[in-house]
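Peer 1: Let me give you the structure first, and then I'll get to my questions.
Rule-based calculations on the coordinates, nothing more; no lab input. What you see is a predicted model, and the numbers here were worked out from it, not measured in a lab. As a convention, Cβ positions derive from the backbone with ideal geometry for all residues, glycine included, and neighbour counts pool all protein chains shown.
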Amino acid sequence: MALDADAVDRALACDAGWLAALRRDWLALADLALWGGVQSSKLGALPRLRKRIMELGERLASLGAPRGWIPQPRERLKSALATAIAARELLEQCAQALGELEGGAAHDALAAALQDLSRRARAPLDEYAACWAALLDSQLGHDNEE
């Protein structure tokens, strides 16, 4: 049984207020990572963290991006699910990368900004991912019955 395209589109519609809050939190994080004065004695640690923060921003923005250009509803779900999983992984990678930076007020501010973003993102990301995975699983269950 094919997935209902309208049901998939409704499931993929993330809360606009949540997305706007993620954007604000991410912008604050990016600002601190670039202009906040954090430092690292480990060569390349800060550029790697900044790169991960940029990738995280791309994934978060992708959560709200229209997927109508993807012709099959199943592929839309797979794309959204992969984005959610990647965003969760990047949140973890950013937290780990903070450990390579020098301590101090700038580090603490960056850590707090990342914690705020993570706190806001995690539960809804998990909920959306579970919903999208359940829709994909429901299709697999119907395929096995036929």
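Peer 1: Using a Förster distance of 25 Å, how high is the FRET efficiency between GLU89 and ASP4, based on the Cβ-Cβ distance and rounded to 0.05? Could the numbers behind the result be given before it?
Peer 2: Details: r = 30 Å, r/R0 = 1.19.
Once rounded, the FRET efficiency stands at 0.25.
Peer 1: At a Förster distance of 35 Å, what's the computed FRET efficiency of ALA82 paired with TRP35, Cβ-Cβ distance as r, to 0.05?
Peer 2: Details: r = 31 Å, r/R0 = 0.90.
FRET efficiency, ALA82 to TRP35: 0.65.
Peer 1: Which whole-angstrom value gives the distance between the alpha carbon centres of segment 1-52 and segment 68-146?
Peer 2: That distance is 10 Å.
Peer 1: Relative to the longest principal axis of the C-alpha atoms of the chain, give the angle of the C-alpha long axis of helix 105-145, reported between 0 and 90° and rounded to the nearest 10°.
Peer 2: Between the helix axis and the principal axis of the chain, the angle is about 10 degrees.
Peer 1: Could you point to the label whose value was computed as mean projected area of the Cα convex hull in nm² for the structure here, given (1) 11.4; (2) 8.8; (3) 9.4?
Peer 2: For mean projected area of the Cα convex hull in nm², the calculated option is (3).
Peer 1: Divide by every residue of the chain the summed helix terms, -39500 (n - 2.57) for each DSSP H run of at least 4, and state the resulting mean residue ellipticity at 222 nm, rounded to the nearest 500 deg cm²/dmol. Show your work: numbers first, answer last.
Peer 2: Values: 5 runs with 114 residues, N = 146.
Taking each H run of at least 4 residues, the total per residue is -27500 deg cm²/dmol.
Peer 1: Gain in length, ILE70 to LEU140, computed as 0.36 nm per residue apart minus the alpha-carbon separation, to one decimal in nm?
Peer 2: Values: separation 70, 0.36 × 70 = 25.20 nm, distance 1.97 nm.
Taking ILE70 through LEU140 to full extension adds about 23.2 nm, to one decimal.
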